[in-house]
Amino acid sequence: MTRPARPRVAVCGISLEASTFSPALTTAAMLAPRRGREVLDAWDFWREGGSLADRAEWIGVLQARSIAGGAIPADDHATLKAEILEGLRAAVAAAPLDGVVLDIHGAASVVGLDDMEGDLALAVRAVVGPDCLISSGMDLHGNVSRTLAETVDLLTTYRTAPHVDWQETKERAARNLLDRLALPPGRRRPAKAWVPVPILLPGEMTSTRQEPATSLYARVPEVEALDGVLDAGIWIGYPWADEPRNCAVVMVVGDDAGLAEREAASLASELWRRREEFGFVAPTGTLHEVLERALASDVAPYFVSDSGDNPTAGGAGDVTWTLAELLRSEALAGSGKRAIYASIPDAVGALAAAEAGVGAHVRLTVGARIDARHAPPVELAGEVVAVVPGEDNLEVVVRTPSVDVVVTRRRRPYHLESDFTRLGLDPRSADVVVVKIGYLEPELFDMAADWMLALTPGGVDQDLARLGHRRVRRPVFPLDDVSGVDPLAGAMLFPGDTADTDA
Ligand SMILES: [Zn+2]
């Protein structure tokens, strides 16, 4: 059989960040799988006219992706995985594959299965065979198990949080693959130095906009630039899932195995040495402490992050605990100040309010349909002041004596000023704006006269000790006494082709 001039590269994957501390589930439908050509349309670089479009024969198989949520039900996962493998088998049957881009986040969870990404990588490997190179560009909040590190030939990750380099990273993963495929067989696989670091920290403490993450991540491109190194990455990991793999990981890949090993150890050691420096991106407190500060403040708007149920980190989104506290707060009612609350998803409530219409007075029972562990559904009585239907959502605003409450048909983030203004709300003139969010996204950050992060309950509780991890490897910082821990104890080197050749 004659090989095509351009390498044949398949693209597939399942991309999700999933809390196992939330009763929410992420179904196959919510993961909205793309197939065939649609898979390639997701990224500019291999779409027609894109920078890498002509460098390979790209074969879109199946790629599924959702905003953060709960674990994937076992049957839904089995269906998606089977379709990926079937698509790869069909591609291989036509002609051998030279490469696979495994498009994953790294923090997906499946009910009853640990290490979704490692499991998928092994299954893909079994279909594509040992000679095919697999490359993956991940989220730095993803996890790199030993299985994943060993099975995927080229791993890279974002270098910023918030992730302003996400497209660049996905492109780097594809380009690294093509560059290695241009080498003769037997020289393509780099050595991989993998160091799991026993640290479990929320993203709200590890933003690369502040130290120590800024200077730690600044070292990554310096390491990458070394002769003999192909790529370097620091995965800070995902703390809201309870699997043995959840911790930080440093990886350096390159043809110089010894150098990769030394540089990975150096990055991991610095991460470990500076672990106590990680702190929250904003002042934190209990909701009551935060509310007290907000109501006493003479600047507005005062933003409050209702962080425990942040839907973009994996919260169910319908935890009512904070909203119930706001509605019954005598301090808020007595202050004469007004608050905006965004948001509580409740399809029945949103539809009922929309049906009643703007101007109607309604009495709704909303929220806690998925996550009722912290508070029951909340009674919401007030005037409907906005009804805004969207393409796949419906948002309403119910005005109570002190709080304008956004109720939605589906959960969604509120990250932009326009998310509020299109509902007729003016966050700039509000006294207090409470949002289900962790660190404030840039527009809200710029708008906030002041800001605190409330340590509220939910599936992505920022107070990790409250969650009760039982399955992560111990001891781990900051949950345990780690004084006797050697951060390099788990380090491993997976030799590449070049190591064999040199030997
Ligand atoms: Zn992330």
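Throughout, read-outs are computed from the coordinates displayed, never taken from laboratory work. Since the model is a prediction, treat every value here as computed from it, not as a measurement. So basically every Cβ, Gly included, is an ideal-geometry build from the backbone, and we count neighbours across all protein chains shown.
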**Fill in**
Once Val388 and Ala449 are pulled to full extension, the length gained, defined as 0.36 nm per residue separation minus their Cα-Cα distance, is 19.2 nm
**Request:** Work out the charge dipole of the chain with +1 on the Cβ of Lys and Arg and -1 on the Cβ of Asp and Glu about the Cα centre, then indicate which of Pro301, Trp451, Leu259 is farthest towards its positive end.
**Result:** Leu259
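Give, rounded to the nearest 20 debye, the magnitude of the charge dipole that segment 336-407 has about its Cα centre when Lys and Arg contribute +1 at Cβ and Asp and Glu contribute -1 at Cβ. Don't skip to the answer; put the middle values down first.
Details: 6 positive and 9 negative charges, 74 e Å.
With Lys and Arg at +1 and Asp and Glu at -1, about 360 debye.
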**Request:** Determine the distance separating the Cα centre of segment 313-339 from the Cα centre of segment 267-298; give it in Å without decimals.
**Result:** 21
**Item:** Among Thr286, Phe420, Pro185 the positive-end extreme of the charge dipole of the chain (Cβ point charges)
**Value:** Pro185
**Request:** Starting with the highest mean, order 160-166, 328-334 by the number of other Cβ atoms within 10 Å, averaged over the residues of each peptide.
**Result:** 160-166, 328-334
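Of the peptides 89-99, 19-29, 473-483, 339-349, how do they stack up when ordered by the mean number of other Cβ atoms within 10 Å, highest first?
339-349, 19-29, 89-99, 473-483
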**Fill in**
Short to long, in 20 Å steps from zero, the percent of alpha-carbon pairs of the chain per bin is 23, 51, 23, 2, 0
**Asked** So between Glu292 and Leu416, what do we pick up on full extension, going 0.36 nm a residue minus the alpha carbon distance?
**Response** 42.1 nm
**DSSP beta bridges in segment 340-448 [antiparallel fraction, %, rounded to 5]** = 70
**Message:** At R0 = 30 Å, how high is the FRET efficiency between Ala225 and Arg273 if r is their beta carbon distance? Nearest 0.05 is fine.
**Reply:** 0.85
**Message:** Is there a quick way to get the dipole size of segment 424-503? I mean about its Cα centre, with the Cβ of Lys and Arg at +1 and of Asp and Glu at -1; what is the value in debye to the nearest 20?
**Reply:** 520
**Message:** Using only Cα atoms and rounding to the nearest 10 degrees, what angle (0 to 90) does helix 116-128 make with the longest principal axis of the chain?
**Reply:** 30
**Request:** Considering Cα pairs under 8 angstrom that are at least six residues apart, work out the relative contact order of the chain and quote it in whole percent.
**Result:** 17
**Asked** For the Cα atoms of the chain, what angle does the longest principal axis make with the long axis of helix 74-94, in degrees from 0 to 90, nearest 10?
**Response** 30
**Item:** Helix axis angle, 347-356 relative to the chain longest principal axis, alpha carbon, degrees
**Value:** 40
**Item:** Label-reachable residues, segment 26-46, where backbone N falls under 20 Å from a point 7 Å from Ala82's Cα toward its Cβ
**Value:** 26-36
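As a test, work out the antiparallel percent of DSSP beta bridges whose residues both lie in the chain, rounded to the nearest 5. Don't jump to the answer; show the numbers that get you there.
Numbers: 35 of 81 bridges.
So the antiparallel bridges in the chain amount to around 45 percent.
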**Asked** What does the highest-first list of 289-295, 45-51 look like by mean Cβ count within 10 Å?
**Response** 289-295, 45-51
